[in-house]
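The values are calculated or read from the model by the stated rules, or taken from the named source; none is laboratory data. These figures come from a predicted structure and were not determined experimentally. Here Cβ is always computed from backbone atoms with ideal geometry, including for glycine, and neighbour counts include all displayed protein chains.
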Amino acid sequence: MMDLSQLLTNARNLHSNIARDVYPDGIRLVCASCGRVVEATTEMCASYLAHGWPRCHGHEMKQGGR
C-alpha cells in the first residue's frame, strides 16, 4: 500500500506525469483564426494541463500537425 507521503508526491506531479506520457515530444498548437503557432514542450504541456491551454483570438489553440 502507498503511504500518504508518496500519495501526495504523486498528486503534485500528476500534470507532469500525464504530459510525459501523452506529449513526450511536445506538440504544435495553432490558432484557427490567424495561424499563430506555439511549439509547446512537454513541460509547457504540463503547465497547460494544470492551468488551461493558451488562447488566441478568444479561443483555445488546437493541436496542429508536426
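Quick notes on this structure:
- Here E39 passes the criteria (1) under 30 Å from L7 (Cβ atoms); (2) surrounded by fewer than 16 Cβ atoms within 10 Å (Cβ to Cβ); (3) touching a Lys or Arg at 6+ places or on another chain (Cβ under 7 Å) except the one numbered (1).
- Among residues of the range 13-41 that are within 12 Å of G64 (Cβ to Cβ) and polar (S, T, N, Q), none has a beta-carbon under 9 Å from a residue that is assigned to a loop (DSSP other than H, G, I, E, B) and at pLDDT 95 or above at least six positions away or on a different chain.
- Yes/no for G26 being on the phi > 0 side of the Ramachandran plot and loosely packed, with under 14 Cβ neighbours inside 10 Å: no
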